[in-house]
Amino acid sequence: MIDWGNNTLANPGDRRVIGNSTPRYSYSFIADANWKGFDFYVFLQGVAKREAWVGSNYFWGVIGDEWQSSPFTVHRDRWSPTNPNGYFPKFYMSGENGKNTQVQTKYLQNAAYMRIKNVQLGYSLPAHLIHRIKAQKVRFYVSVENLATSHS
């Protein structure tokens, strides 16, 4: 039997605190290298530990009635008598659907990530070629911003 207790901090019943949406272990990493006029630079950034509860219709697919729902192909993996190991719970096209979308550990999402924020590849012309135009440095480069994001 599920027990809500007195619904207070002193008596929460069966409930307990789960997850933490505060980003912990934020990090960044910069590396660069130079060789014979060529240079390479990379900037990585991320969060190593964070949990998130996603309560939107985009996550759940069906959340109560047809006007609030956004079913996608992934939402076909639901519990049913023929699919007892489906990822998502059985849905109800009624107010009862809310009982399946209560905060719980099964659907707490890992929100850790790493981003490749910037990558640059460049080439600086040798000084003996650019001294005639009275320049100190001429550099050609390619830079890519927000190249990729990886989720743990």
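Structural remarks
- The range 127-151 - residue that is open to solvent by 100 Å² or more (accessible area, probe 1.4 Å) and part of a loop (DSSP other than H, G, I, E, B) and, of those, nearest to GLU51 (Cα to Cα): LYS137
- Only residues that are open to solvent by 50 Å² or more (accessible area, probe 1.4 Å) and under 19 Å from SER143 (Cα atoms) were counted in the range 37-51, giving 4.
- Scoring TRP79 on the criteria (1) open to solvent by 90 Å² or more (accessible area, probe 1.4 Å); (2) out of contact with any Pro (no Cβ under 7 Å at 6 or more places or on another chain) leaves a single failure, condition (2).
- Breaking point among (1) under 25 Å from SER152 (Cα atoms); (2) open to solvent by 90 Å² or more (accessible area, probe 1.4 Å); (3) part of a loop (DSSP other than H, G, I, E, B), for TYR25: (3)
- Checking each residue in the range 88-104 for being part of a loop (DSSP other than H, G, I, E, B) and either open to solvent by 80 Å² or more (accessible area, probe 1.4 Å) or touching a Ser or Thr at 6+ places or on another chain (Cβ under 9 Å) (or both) picks out PRO89, LYS90, PHE91, MET93, GLN102, VAL103.
- Filtering the range 23-57 to residues that are under 13 Å from the mean Cα position of the chain (by Cα), farther than 15 Å from ARG115 by Cβ and either of a type outside the set (D, E, K, R) or modelled with pLDDT of 95 or more (or both) leaves ALA52, TRP53, VAL54.
The values are calculated or read from the model by the stated rules, or taken from the named source; none is laboratory data. The model shown is predicted, which means the values in this text are computed figures rather than measured ones. Every residue, glycine as well, gets a Cβ built from its backbone with ideal geometry; the counts of neighbours run over all protein chains shown. Protein only, heavy atoms only, side chains kept; ligands, DNA and RNA dropped before computing areas. Shrake-Rupley method; radii C 1.70, N 1.55, O 1.52, S 1.80 Å.
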